[in-house]
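All remarks here apply to the structure that follows.
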Amino acid sequence: MPKTILLSAGGTGGHLFPAESLAAELIRRGYAVELATDERADKYGRRFPARAIHIVASATLKGRSPLAIARTGLALARGFVQSWALIRRLKPAVVVGFGGYPTVPPLIAAVFAGVPTVLHEQNAVMGRANARLARKVTRIATSFAEVRMPAGLAAKVTTTGNPVRDMVIEASAIAYPEPTAEGAFHLIVTGGSQGARYFSDAVPPAIALMDADLRSRLRLTQQVRPEDMPRVKAAYDAIGVAAELSSFFVDLPARIAASHLVIGRAGASTVTELCIIGRPGLLVPLPGALDQDQAANARVLEAAGGGWSHPQKELTPEVLAAEIARLMRAPGVLIAAAAAARAAGRPDAVARLADVVERAAMGR
């Protein structure tokens, strides 16, 4: 009977994708893997390679009113009871958390049950849920060498990198399709669940401002929310730009590999995939985030020479049009950025994280 490892992650791609990567690696190493998550996981977790997926109650604190605090507390308490029963039944060798408030009940239950715990932090700023758990867990793994987190945790921390799905590793084998000053230019715009609306508003008018010769070279792929699809399609049709639009691309890593430039947010998964695949990114960190984690992630890529970071408030259509045009006319700049991004990648991150998990399971 193989040992069981319980993974816990919030139900968004940023949390589930690295968990999916670790699950596949642990299965290759002979473990049985199960997942505890929330109801949002249906979109991203359909292909999750777990023996079973368990929906655990949780809630993110929204507001400081007594009612909001009480509702969150009740949801987390219900999740703790569910997680306690799950851990008693599964008897996992270790519980691994990937962030988001759905991680809290399983990790706390594991701590109370005396089960070893590992916390993985994807961002350059530790998330609030992870920060609340960090002092209680056995080990902490980070994506970046420098992560802003609570003090006094250094002895627990190992920098592993951010695990990526197998399809990202497969895409990384594709050489950068070096652009030319005259040929077709493949541009991908991906905003994630929180960013697609901004890019739907900003990118079409920016491209409309570009010279006709540049527009004619564009081969555009863009993530667009379903409710924005008609107006975005109409905007591109009006200026004669060939655009493939979808609310979700299952094969996004392969599309990134085929691109010359990626425009997007600066979530940990986006930055990691750009580095592993080796593609330049023009990043627009999500504004208004309490911890400014995406801004910190973008600075990592920019410091490595693999991309450019622009605050959303400063990226007017005029500025964005000028930046895209500059890069389309400077293939050497893009080729150098693609190489720098790849050099900053950690393609062995999943093996490193699996090693940390195995050591925790063995009490080392």
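The values are calculated or read from the model by the stated rules, or taken from the named source; none is laboratory data. This is a predicted model, so every value here is computed, not measured. Positions of Cβ are generated from backbone atoms using ideal geometry, with glycine treated the same way; all protein chains shown enter the neighbour counts.
If residue 184 passes every condition in (1) surrounded by 23 or more Cβ atoms within 10 Å (Cβ to Cβ); (2) free of Cβ contacts under 8 Å to residues at least 60 places away in the same chain but one, which one does it miss?
Here residue 184 clears every test but (1).
Give me the residue from the range 340-360 that is of a type in the set (Asp, Glu) and in a helix (DSSP H, G or I) and, out of that set, surrounded by the fewest Cβ atoms within 10 Å (Cβ to Cβ).
Residue satisfying both the conditions and the ranking: 355.
In the same structural domain as residue 18 (by TED's automatic domain parsing) and of a type in the set (Ser, Thr, Tyr): does that describe residue 101?
yes
Return the only residue of 145, 110, 124, 93 being under 21 Å from residue 348 (Cβ atoms) and buried (at least 17 other Cβ atoms within 10 Å of the Cβ).
Answer to the selection: 124.
Residues 285, 280: which one is of a type outside the set (A, V, I, L, M), surrounded by 21 or more Cβ atoms within 10 Å (Cβ to Cβ) and over 23 Å from residue 128 (Cα atoms)?
280
Output the number of residues of the range 301-323 satisfying the condition of being part of a helix (DSSP H, G or I), hydrophobic (A, V, I, L, M, F, W, C) and farther than 14 Å from residue 337 by Cβ.
The qualifying residues number 4.
Working carefully through the options 298, 337, 266, find the one that is touching a helix residue (DSSP H, G or I) at 6+ places or on another chain (Cβ under 9 Å), buried (at least 24 other Cβ atoms within 10 Å of the Cβ), in contact (Cβ under 8 Å) with a residue 12 or more places away in the chain and not in a helix (DSSP H, G or I).
On the way: 298 fails: not in a helix (DSSP H, G or I); 337 fails: not in a helix (DSSP H, G or I).
Among 298, 337, 266, only 266 is touching a helix residue (DSSP H, G or I) at 6+ places or on another chain (Cβ under 9 Å), buried (at least 24 other Cβ atoms within 10 Å of the Cβ), in contact (Cβ under 8 Å) with a residue 12 or more places away in the chain and not in a helix (DSSP H, G or I).
Pull up the range 79-116, narrow it to residues that are part of a loop (DSSP other than H, G, I, E, B) and not charged (D, E, K, R), then point me to the one that is nearest to residue 6 (Cα to Cα).
Only one residue fits best here, namely 92.
Scanning for something out of contact with any strand residue (DSSP E or B) (no Cβ under 8 Å at 6 or more places or on another chain), crowded, with 18+ Cβ neighbours inside 10 Å and modelled with pLDDT of 90 or more, does the range 25-34 turn up at least one residue?
Residues of the range 25-34 that are out of contact with any strand residue (DSSP E or B) (no Cβ under 8 Å at 6 or more places or on another chain), as a first pass: 25, 28-30.
This time we only want the ones that are crowded, with 18+ Cβ neighbours inside 10 Å, so: 25.
Narrowing further to those that are modelled with pLDDT of 90 or more: 25.
Within the range 25-34, one or more residues are out of contact with any strand residue (DSSP E or B) (no Cβ under 8 Å at 6 or more places or on another chain), crowded, with 18+ Cβ neighbours inside 10 Å and modelled with pLDDT of 90 or more.
Answer yes or no as to whether residue 81 is of a type in the set (Val, Ile, Thr), surrounded by fewer than 16 Cβ atoms within 10 Å (Cβ to Cβ), out of contact with any Phe, Trp or Tyr (no Cβ under 8 Å at 6 or more places or on another chain) and assigned by TED's automatic domain parsing to the domain that holds residue 37.
The answer is yes for residue 81.
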